[in-house]
Structure formats: structure tokens, C-alpha cells
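For reference, the structure discussed in these notes is given below.
The values are calculated or read from the model by the stated rules, or taken from the named source; none is laboratory data. Quick caveat, the model's predicted, so the values are computed rather than measured. Because the Cβ atoms are built from the backbone with ideal geometry, glycine has one as well, and the counts that use them run over all protein chains shown. The protein model used for the area step is the full one, side chains on, heavy atoms only, and it has no ligands, DNA or RNA in it. Shrake-Rupley method; radii C 1.70, N 1.55, O 1.52, S 1.80 Å.
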Amino acid sequence: ITLCLLQMNVEERTEVSVMLNISDFPWAECAPSENKVKIVSDSLSLRRTSRDTGVARWEFEFATVDMTMAEGRRRKAQLSAADVLLYTHPRLSFTQGTEPTSGIQSSSGNARGSKTITLTSAESWQLMVGDIMQFSNDTKIYECAEDTLLQSGSQQVKLTNALRNPITDGTNVTVNDVTWYLLSDGMVDAAPMHADDNETMELTLVAVEKL
């Protein structure tokens, strides 16, 4: 009996995410929100219950100005082709406090699930309530829950939501030019497209934070 072994060579494919910076798109409206609790409806009992999703996630609703048809079609194609959208908000992405030239770093080790973390800098620094921040080992955006003091050295910073990943000592903290990593909901709506001339286009987009 002769046994024939068939070997199949499977070509390995490496998927590369297409990233698109949409910060300079002609947005007329940008409505950010942060979602954590989902409302679940039961049609049989007519009752609604809250379900904790575990991790808070930012969500953005965008709408552009009226654009020419050519510009609108170009922007729509760019959005449709992108896997990850990068967005820096003109105000929210910048601290209201003081960022030292030497930067801010993590200190004393901050464990996963912590809502109070320790940050430090050799120079005077301060974060204000509502400031957002991002750590160099994660794309998740976090929000400051209380003002800190304007001073050098280590301080505790309270967050609105717990860390999803641990942060080791020396991890850099970004508090200016903070960039959201977003995923589109899969629909880029083009409206209105006026039937009389079809010369203008307005795009609307809903995107959620990539986790």
C-alpha cells in the first residue's frame, strides 16, 4: 500500500490596516460622547435593564459642510477605504493645565483596573478636570476626574474610568495633541444630493473608539 502525502503550501498574508487622519476634514459638526452602559430591552416582559459593557468607549458623530460633488466623492472614498480613523479634536485634545517641556511620565506602577494613578515630572505640571490623556503603550483615551496641583514631582491623578491595561514606570503620557483611534460604523452617508443639479454633497459619519 502506497501512502501519498499531499502537502499544500498556504501563502501567508499580512493584513496592514489603512489609517486615515480625518482631523483636517471640513467638519461642520463633531459630537463626542462616551458610552459604557447599554440598555437592553426585553420585548416579552416589556422591561429594560442596564448592562455594563466593562470598558467605556468614545463615540463621535461627524457631519461635513456642503462640499462640491468632486470633493465629496473624494472624501467619501477615503473614508470608505480606511480601516482606522485618526482624529485630533481642536480643543478637547489639548490640556487646560500645564504640560512641562520634559513631559509627564507614569510612576510607581499603575495596575490594570486602577482609577487613581500616579504620574510625575521633574518640572511643574498640572492637569485639570476634563483633560484627556493617552499612554504610549495604549491607544485608549482617558479623562481626568479632578484637578491636580501645579507642582513638580509625583501626584495622584483620578480618572473617570479604570485602566484597561497596566502602565509601567516611565511610560510617557500625552496630554496635548491627543489622537483618537476610531472605527467607522461601516456607513458613510452622503446627503443631501439635490436632484436638480447634484452639485453639492454632505457626508455624515459615526465612529467609535478602537479598543
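Here's the list of lysines a cross-link from K115 could span, going by alpha-carbon distance under 26 Å and ignoring same-chain residues fewer than 8 apart: K36, K38, K140, K158, K210.
Spacing of the modelled spin labels on N21 and Q156, each 7 Å from Cα toward Cβ, amounts to 3.8 nm. For S114, nonlocal amide neighbours, meaning residues 5 or more places apart or on other chains whose placed amide H falls under 5 Å from its own, are L163.
The fraction of accessible area contributed by carbon and sulfur in the range 93-150 is 47 percent, rounded to a whole number (1.4 Å probe; ligands and nucleic acids excluded). Once you order the gyration tensor axes a ≥ b ≥ c over the Cα atoms, which shape class does the range 80-190 get: rounded for a/c under 1.5, otherwise prolate or oblate by comparing a/b with b/c? Here the range 80-190 falls in the prolate category. If R0 is taken as 30 Å, the Cβ-Cβ distance between A28 and A145 corresponds to a FRET efficiency of 0.45. Judged by the ratio a/c of the largest to the smallest principal axis of the C-alpha gyration tensor, the range 92-136 counts as oblate, that ratio being 1.5 or greater while a/b is no larger than b/c.
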